[in-house]
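Colleague: The structure's right below; bear with me while I get my questions together.
The values are calculated or read from the model by the stated rules, or taken from the named source; none is laboratory data. Because the structure is predicted, anything quoted here is derived from the model rather than measured. Virtual Cβ from ideal backbone geometry, glycine too; neighbours counted across all protein chains shown. Accessible surface areas use protein heavy atoms only, side chains included; no ligands, DNA or RNA. Shrake-Rupley method; radii C 1.70, N 1.55, O 1.52, S 1.80 Å.
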Protein chains: 2
Amino acid sequence: MTTPTCIALPKIRFERGFLAERARLVRDVVIPYQWEALNDRLPGAERSGTVHNFQVAAGEKQGKFYGLWFQDSDLAKWLEAASFRLATHPDPKLDAELDAIIATIAKAQQPDGYLDTYVQLTAPDKKWTNLFEWHELYIAGHFIEAGVAHFEATGKRTLLDVVGKLADMIERVFGPDEGQILGYPGHEEVELALVKLARVTGEKRYVRLAAYFINQRGATPNYYEAESQRLGVKKLPVYFYHNRWAYLQANKPVREELEPIGHSVRAMYLYTAMADLALELGDESLRAACHTLWSNLTNYHTYVTGAIGSEWNGEQFSGRYDLPNDRAYAESCAGIGLVFFARRMLDLELRGEFADAMERTLFNNVLAGMALDGKTFFYVNPLEVRPDEAKRRYDQHFVKTERVPWFGCACCPPNIARTLASLGHYTHSVTADGLAVHLYTDCSLEATVAGTKLKFALQTDYPWDGRVRMEINPAAPTEFALRLRLPGWCMAPTAAINGTPVDLAAHRGNGYLHLVRAWSAGDVVTLDFPMTVQRIRAHPRVVHDVGCVALQRGPLVFCVEQVDNGDQLGLLRLPKTAALTGRFESGLLGGTIVLEGVAERLQPANPDLYSAAEPTVVPAKIKAVPYCLWNNRGEGEMRVWIHES
Amino acid sequence: MTTPTCIALPKIRFERGFLAERARLVRDVVIPYQWEALNDRLPGAERSGTVHNFQVAAGEKQGKFYGLWFQDSDLAKWLEAASFRLATHPDPKLDAELDAIIATIAKAQQPDGYLDTYVQLTAPDKKWTNLFEWHELYIAGHFIEAGVAHFEATGKRTLLDVVGKLADMIERVFGPDEGQILGYPGHEEVELALVKLARVTGEKRYVRLAAYFINQRGATPNYYEAESQRLGVKKLPVYFYHNRWAYLQANKPVREELEPIGHSVRAMYLYTAMADLALELGDESLRAACHTLWSNLTNYHTYVTGAIGSEWNGEQFSGRYDLPNDRAYAESCAGIGLVFFARRMLDLELRGEFADAMERTLFNNVLAGMALDGKTFFYVNPLEVRPDEAKRRYDQHFVKTERVPWFGCACCPPNIARTLASLGHYTHSVTADGLAVHLYTDCSLEATVAGTKLKFALQTDYPWDGRVRMEINPAAPTEFALRLRLPGWCMAPTAAINGTPVDLAAHRGNGYLHLVRAWSAGDVVTLDFPMTVQRIRAHPRVVHDVGCVALQRGPLVFCVEQVDNGDQLGLLRLPKTAALTGRFESGLLGGTIVLEGVAERLQPANPDLYSAAEPTVVPAKIKAVPYCLWNNRGEGEMRVWIHES
């Protein structure tokens, strides 16, 4: 399981509502679809080669390695997603498919535990020699996560044994002892996976191995300096050009580099593991570093959609407040990484800001990564797109103006799938003394709280409506804490227990409502988070957003699209006084709230490119849709930040 | 000479004022300095190798070719600039230096006339085989221009003979006949040079050769398709990715591609030659194409500084209205090319818009290319620079945050030098029936107008002050037309002849004041172009400038710099009602007008990255300096477009 407080997936059901529909899509469409992609059976999509590579490595077929050096990880992430699906929705056919591919993987694994088809098939004598570029440990991490998920879903040890053997080999190979490699992963991931493996197996040594990797990272002398010299690397790739190993978060020890830096997905996986280890080891310096990193991440480096990583070159963080909208990289996987990090921070300390950020990123950045039909994906999620410009300008060449079925580097689609397939890991925490609700979405769950079996049902039309009804059914009347997140976006929440209003001021703390009492079967807690249309302003240091507002309603950030508002969205201007109202449009985009009002549209005073004359304005209807639903109606302009007058 | 109406350089003197000082700098500092650079004697600058290459090709020393395939052109442009200098300021030492290097060039030239040290030294069997990438014809063009300038300055035929032999070879090699190459230059330049050569030699066949190149360009079947197949080019460089040969303006015949497209310097040199040929041949279809190209260039593709080319990748034009400020390429050479094109358009038709654009680009974009001390240069001229961001972001990696002494690709410094050294070619036109003044700057000139010798003196403190006094001294009273440009930026010009106000409405047309009368010695014409501080707005389709104003006073566009206004210039906001006044500050930047007033500075309402609160404002003094003088006081932020409230 993701963290010690997670609810086991079979114990929580999502049957209706916005997120449940996305989770269903992942189960019914995305996972089968991606299996076709991994098997190169998807017409019109880029070739994957992933399953092929394992079959070749297993000796089941002849052929050469195809794809990128981290291609294996696509299969691992899919295996994890498919396992999550089996956990909640048993399916003999999928179960058998997993058994078959796991058997192939086991055959592909070398007797000593090594597993990486890229190295095995292209450079078998070069194992562990190129940690800064190759992804052996990253891939190992994803397989370990898959092995844990498969075991938890099915009780079968087939994949868990494979990854245990792999982890054991890593433990033998890496470390400070004579004959061991004093290195660590170029792409972090195995650290958080080892913590999961330790949790499911009870083997603390895997935590120690993860801690070794974390503590060794960025130590002096720098491992990568020596490695790149040994490899004869004359010039590092161009994305290393700021401070070399900072790209890998290895310029300094992790407790000293407190600014999000370098490749954003790597950074998130590192911080996630740091939070895991702070919890597992009670490491206060690591905990403090996590808090500072969190604070810097969310105060200086996050888009209003919760996306991170604003520089294409190296898919990395830029400087503080440097958040251009049309050149945003804002990778779906980086957003997923932020969700992971936030979830661990909630175990370190129950603070609403962690869940607020998790919600913002999940509902906006991550969901935008997948089309409404589950068949096409965005890797990059800019906040402003002008298709002609994006196709023409090299500095936007990474922006896709429509979602695509698959990528040569297909990290994002299976990452989205595995995250939505394990939604229950993010929505709640169960601790010895209570239940916490982080994300509001219609669900029912069972848990053991304060020694008592609890059935808990939550009904809501969130994110369209902020009213939430929870029914609490302990097997016997029991005192425990019900901790309910008070969303940061909501100015005036209210709550009631069995119809009696709760004095919020007396019970709120750190962004949660703490209801500690003896709960009895049939108790009902209602919450109301009124959803008004909010105009969000960026800190004025975000130079690209000066004079603009983003529209938000509840957790959803909205955008204007060309299909609703005509082209040239930069000409739209929203008067400060213009009223905007939300309206549910059931026939649109699977049913969505739209925001509507009367804005104005700039008109040139004359045809001159430059003149002293001010542009004039004409009234213009404006219609905004949730950002996560954009680009489901064909190619067109889109804009989150709207000029305000 | 540049065009048939140009005043010969020895006949016009610039002794005082803003442009004269820049011209003096070029004569006294830049030309000797660049000679050191071309000879690799400049400490701290990138190696040039240019003179070295000719010495090796001439057999004067041993060695290998150094530098880029168009390195020769740096010498040619310098030779042209140095010749211009000799024309106005005879100098035996420089004269002797030119004789010596010209002798080396003559030795380097092959007996058949071929001259290109890159090909001669690295691929002597591959002449004329790679027109799309190599620059043989481009280099030939620059040498032809230098040869013409050298002959006009000194009366010596040494270099003119070399380039005549080269042009004759080109005439033999290229053309539609059996055994000739049906190609044309990958980088236009030779066409305009051949017209100059025809004008100085009287050989019309050079005009015909230029016309062949222009008419063949983009013809079907496309020469470059065949050439690149022959060369086995699998994939064109990435900057060809829009419509392949459009990068070279060779996707269509020149009369059909009426949108500025592709590499912006190439485009300007092409359009310049098209205008030359329209005049030489009376070609109406070419003239019409030039007018449409001009109109599209200035209505859709020009920065407020007169710079062009907004896409780094391929140094090319982007789409209409796509003029980002921080990622502007805005190459100095492209601005120079626009000046060339504008000057030719003035010979096709005397319209103020051509001179307005020439003035805008020269005073702002081109002058910004050179430091006040003449020793460092900008290749790229963005309108907004945040140094930290420019150093960090790959999509701004081409932006230099300070001028540099020399470039590996050093096209711009000598191009700026040759343009300013031939200033007199741009300021006036002399036709059979009169004299036209395009650019106002203090000068005195002699010309023959309507058969009479005319002495003409112009006194002004332009661009600081819009008052102009002209003394007209014909050898005998003579009727001719004095045509005086009425700058497009001036809303209320006035004029007087010998103190008597001129009825402007009766005498203005096409942006000029046309004064046709019998002029006598001692006649004085005065003009007044009141210089107020103007707030310029961009057409709202320029999405990056929405809500912003640029400040202009007279022909100068201003900018705010960090050294005067603190950092975070994006936080400055100029209320619509704020008064701005110009003040001459003699101790600043060699003496300059500064614009001052009270603006406001945005302050975050709270430290949050996003919040519903509006930022607050505090009053903030604002001080703007001419854009062309920016970055003469160390590295810092700069911004032309300022938020307006």
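Colleague: Run the numbers on chain B and let me know its relative contact order in percent, using alpha-carbon pairs under 8 Å that are six or more apart.
Modeller: Reported relative contact order: 12 percent.
Colleague: Using a 1.4 Å probe and counting only protein heavy atoms, how much accessible surface gets buried when B and A come together, both sides summed, in Å² to the nearest 100?
Modeller: Rounded to the nearest hundred, the buried surface is 5000 Å².
Colleague: Just to confirm, what accessible area per residue do you get for region A:253-422 at 1.4 Å probe, in whole Å²?
Modeller: For region A:253-422, the per-residue accessible area is 20 Å².
Colleague: Right, here's the next one. Can you work out the FRET efficiency for the pair A:LYS391 and B:ALA612, with r the C-beta to C-beta distance and R0 = 41 Å, to the nearest 0.05?
Modeller: Efficiency, rounded to the nearest 0.05: 0.70.
Colleague: Something else now. Can you list, shortest first in nanometers, how far A:ALA518 lies from the same residue in the other copies, with each label 7 Å from Cα toward Cβ?
Modeller: In ascending order, 12.2 nm.
Colleague: Evaluate the distance, in nm, between pseudo-label points positioned 7 Å from the Cα of B:ASP433 and of B:ASN510 along their respective Cα→Cβ axes.
Modeller: For the pair B:ASP433/B:ASN510, the computed spacing is 1.0 nm.
Colleague: Over all Cα pairs of the protein assembly as shown, how is the pair count split among 20 Å bins, expressed in % and running from 0 up to the last occupied bin?
Modeller: Histogram of Cα-Cα distances, whole percents per bin: 10, 34, 32, 18, 6, 0.
Colleague: Now for a different question. What are the lysines whose alpha-carbon lies under 25 Å from the alpha-carbon of A:LYS252, with same-chain residues fewer than 8 places away excluded?
Modeller: A:LYS252 reaches A:LYS234, A:LYS235, B:LYS391.
Colleague: Can you give the local net charge around A:ARG24? Use residues other than it whose beta-carbon is closer than 13 angstrom to its beta-carbon, Lys and Arg +1, Asp and Glu -1.
Modeller: Residues near A:ARG24 contribute 0 overall.
Colleague: Separate question: Report the local net charge at B:LEU279: Lys and Arg +1, Asp and Glu -1, summed over other residues whose C-beta lies under 12 Å from its C-beta.
Modeller: That sum, taken over residues with Cβ under 12 Å, equals -2.
Colleague: Carbon and sulfur together cover what percent of the accessible area of chain B at a 1.4 Å probe radius?
Modeller: C and S atoms contribute 51 percent here.
Colleague: What does the extension gain come out to for B:THR292 and B:ALA123, with contour length at 0.36 nm per residue minus their alpha carbon separation?
Modeller: 56.8 nm
Colleague: Given only helices, namely DSSP H runs of n ≥ 4 each adding -39500 (n - 2.57), what is the per-residue ellipticity at 222 nm of chain A, to the nearest 500 deg cm²/dmol?
Modeller: Mean residue ellipticity, 222 nm, calculated: -10500 deg cm²/dmol.
Colleague: How many partner chain Cβ atoms sit within 10 Å of a residue's Cβ in peptide A:385-397, on average, as a whole number?
Modeller: Per residue, the average neighbour count from other chains is 5.
Colleague: When Rg is the radius of gyration of the Cα atoms in region B:433-528 and Rh is its Kirkwood radius, what does Rg/Rh come to?
Modeller: Expressed as Rg/Rh, it is 0.93.
Colleague: Something else about it: State the answer as a single residue: which of B:LEU131, A:PHE340, B:VAL525 lies farthest towards the positive end of the charge dipole of the protein assembly as shown, with beta carbon charges of +1 for Lys and Arg and -1 for Asp and Glu, about the Cα centre.
Modeller: It is B:VAL525, whose Cα lies furthest towards the positive end.
Colleague: Output the pairs from A:LYS375/A:LYS400; B:LYS107/B:LYS156; B:LYS127/B:LYS156; A:LYS576/A:LYS623 with a Cα-Cα distance over 21 Å in this structure; if there are none, say none.
Modeller: The pairs that break the limit, which is 21 Å between Cα atoms, are B:LYS127/B:LYS156.
Colleague: Additional query: Please list A:18-24, A:82-88 highest first by mean number of surrounding beta-carbon atoms within 10 Å per residue.
Modeller: Ranking, from highest mean packing down: A:82-88, A:18-24.
Colleague: Quick check: net charge around B:ARG393, other residues with Cβ under 10 Å of its Cβ, Lys/Arg +1 and Asp/Glu -1?
Modeller: Local charge sum for B:ARG393: -2.
Colleague: Between A:LEU68 and B:ASP465, what FRET efficiency follows from the Cβ-Cβ distance if R0 is 45 Å, with the result rounded to 0.05?
Modeller: FRET efficiency, A:LEU68 to B:ASP465: 0.10.
Colleague: Leaving out ligands and nucleic acids, note down the accessible area per residue over region A:467-542 with a 1.4 angstrom probe, in whole Å².
Modeller: Per-residue accessible area for region A:467-542 comes out at 42 Å².
Colleague: Which percent of the Cα-Cα distances in region B:466-614 go past 20 Å?
Modeller: Beyond 20 Å sits 64 percent of the P(r) for region B:466-614.
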